[in-house]
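The structure under discussion appears below in the form of structure tokens.
The values are calculated or read from the model by the stated rules, or taken from the named source; none is laboratory data. Predicted, not measured: the structure shown is a model, and the values here were computed from it. Counting neighbours? That spans all protein chains shown, and the Cβs are built from the backbone with ideal geometry, glycine included. Side chains included, ligands, DNA and RNA excluded: accessible areas come from the protein's heavy atoms. Shrake-Rupley method; radii C 1.70, N 1.55, O 1.52, S 1.80 Å.
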Amino acid sequence: STTTDTPSMLRGAGTRGVPEVPAGSSFTNTYSLAFDGINDYVNCGNETSRQVQTLTMSVWVKPTAFARDTIFLNGQSGTGNKGIEIFWVFNVFYARINGTTQVLGAGNGQNNWTHLIIAYDGTTLKMMVDGVQGADVNISQTIDYTSYNGLLIGLGPYGYHIGNIDEVAFWDSDQSANFSTIYGAGVPNDISALNPLNWYRMGEDATWDGSNWTLTDQGSGENDATSANMVEADRETNTP
């Protein structure tokens with residue numbers, strides 16, 4: 001898909017500070033980050049602005065192993081009973097709020113890209129997988145942010161992710177009315193008009209400093225993320 005951005009939307013810097021998407025150009029998605037399942041992850045910080053009861057989490061993911069691992073977590077990385085999380089277990093995607101787990105579905109399966117989005121309003125979990133809306137589920141739990149580790153990509157109670165992750169976004173609001181817009185036409189698209197609090201492009205916005213990737217936050221929160229234990233080659237031209 002092609003969407004024209006305005007210069008104000010384009011804050012990202014590419015490798016070693018070279019802009020990946022120059023102001024005034026069309027929206028493109030060229031890169032994702034590959035996670036090895038051993039110790040790779042991205043730390044998006046532990047700002048209290050994310051410790052909310054109404055939120056939305058969106059991610060494109062390509063699992064490459066028949067495994068059990070975390071994709072996207074807001075909460076505590078050491079236990080499965082705190083926080084909210086999207087994860088993968090043996091070819092099925094799940095969402096979890098505290099200790100309550102909900103099946104999202106198989107998506108496109110192992111070695112294929114799938115888009116997952118969930119929203120929670122303090123009572124009801126809403127979900128969409130590859131543009132197909134799932135049934136709302138009454139959870140009625142207060143998300144537990146005790147011992148909060150923050151927003152983490154590729155790391156959580158279910159271990160380290162094996163595969164690629166792209167276009168990760170977080171809202172401190174219920175975006176279920178915009179699920180279809182966020183999914184777009186089946187490929188990542190410009191979501192800046194929906195004002196995500198955090199939006200990590202997982203490559204287009206990335207700068208390599210010789211040890212880690214810094215991912216510029218394209219959302220309003222301006223909370224840049226940092227990779228851990230990854231190498232420069234983990235930025236791949238492998239996208240949905």
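Between VAL42, VAL61, the distinction of being buried (at least 23 other Cβ atoms within 10 Å of the Cβ), of a type in the set (Val, Ile, Thr), at pLDDT 95 or above and farther than 21 Å from MET128 by Cα belongs to VAL42 only.
Every test in (1) at pLDDT below 95; (2) loosely packed, with under 15 Cβ neighbours inside 10 Å; (3) over 30 Å from ASP121 (Cβ atoms) is passed by ALA13 save one, and that test is (2).
Taking the condition more than 20 Å from THR239 (Cα to Cα), in contact (Cβ under 8 Å) with a residue 40 or more places away in the chain, open to solvent by less than 10 Å² (accessible area, probe 1.4 Å) and among the small types (Gly, Ala, Ser), does GLY75 pass? The answer is yes for GLY75. Output yes when any residue across the stretch 106-123 is crowded, with 23+ Cβ neighbours inside 10 Å, in contact (Cβ under 8 Å) with a residue 40 or more places away in the chain, more than 15 Å from TYR41 (Cα to Cα) and not hydrophobic (A, V, I, L, M, F, W, C), and no when none is. Scanning the stretch 106-123 turns up at least one residue that is crowded, with 23+ Cβ neighbours inside 10 Å, in contact (Cβ under 8 Å) with a residue 40 or more places away in the chain, more than 15 Å from TYR41 (Cα to Cα) and not hydrophobic (A, V, I, L, M, F, W, C). Restricting attention to the stretch 80-105, the residues that are in contact (Cβ under 8 Å) with a residue 40 or more places away in the chain and open to solvent by 40 Å² or more (accessible area, probe 1.4 Å) total 3.
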